[in-house]
Amino acid sequence: MTEKLKPKKKKQVRPLPYQPPVEARTLKNADGVTQDVLLHVNESPLTWLRTHKDKDGAFMISDAQFVAGEKLRADFTRAQLMPRTTSSWDMSRAGCQRGLPISTDFSDGTLAAKQRVNEALQAVGPELSGILQDVCCFLKGLSLVEAERRWPARTAKIVLALALDRLAAHYGFATEAVGKNAGKIRNWGADDYRPQIQY
């Protein structure tokens, strides 16, 4: 008896997993130690807002707003305020609550970063600090923030812009030079410098 040969199943070719755009950067911590890292460029919602334009052709957030939001995010990360998502097998943590690190594990840099985050959020105020935490620190998209807070569409962008303006003012960032001279350059010499005119 001959058995019918069954056709072999074709091996399915799986597409390669999504490769996020990464960028190599050198970061310096508070102690001055540098480290080369790979950074996911599109991880932050602020990056998307900074690189996309609205219907008038202007970027959705300014440079000052972007830098202020990224500074808050960096301090939030340094302060280790993100909740833990994995198990910790460290025996010294046996008596603490889940997901919360023991305060004795914090370095001076971590405590200083936590203080900077608290000062920044207090300067912004309780009305606007929540959206800064959601977008800048927890990296939630604007549509998710609107859905969670039951806001109308496109409201989060306006509220975020107001919050980032206050945050930029707290950090001392501005979109344009202001003040007595407003960035005018008079000369490159010292105060007592007088140019000589050659005839």
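For this structure, a couple of remarks:
- Packing around the peptides 61-71, 114-124, taken as the average count of other Cβ atoms within 10 Å per residue, puts them in this order, highest first: 61-71, 114-124.
- Cβ-based charge dipole, segment 46-86, positive-most Cα from Thr86, Phe66, Thr47: Thr86
- For segment 122-171, the equivalent ellipsoid derived from the Cα gyration tensor has semi-axes of 18, 11, 9 Å, listed largest first.
- From phi via Karplus (6.51, -1.76, 1.60), per-residue ³J(HN,Hα) for segment 125-141 in Hz, x at Gly/Pro: x, x, 5, 10, 5, x, 5, 5, 5, 5, 7, 7, 8, 8, 6, 7, x
- Net charge contributed by nearby residues that have their C-beta within less than 14 Å of Thr51 (K/R +1, D/E -1): -3
- Val135 sits among other residues whose Cβ lies under 13 Å from its own Cβ, and their net charge, with Lys and Arg +1 and Asp and Glu -1, is 0.
- Violating pairs (Cα-Cα greater than 21 angstrom) within the set Lys71/Lys157; Lys28/Lys140; Lys28/Lys71; Lys55/Lys157: Lys28/Lys140
Every number in this text was worked out from the coordinates using simple rules, so none of it is lab data. Everything numeric here is computed off the predicted structure, so don't read it as measured data. When we count neighbours, we look across all protein chains shown, and the Cβ atoms used for this are built from the backbone with ideal geometry, even at glycine.
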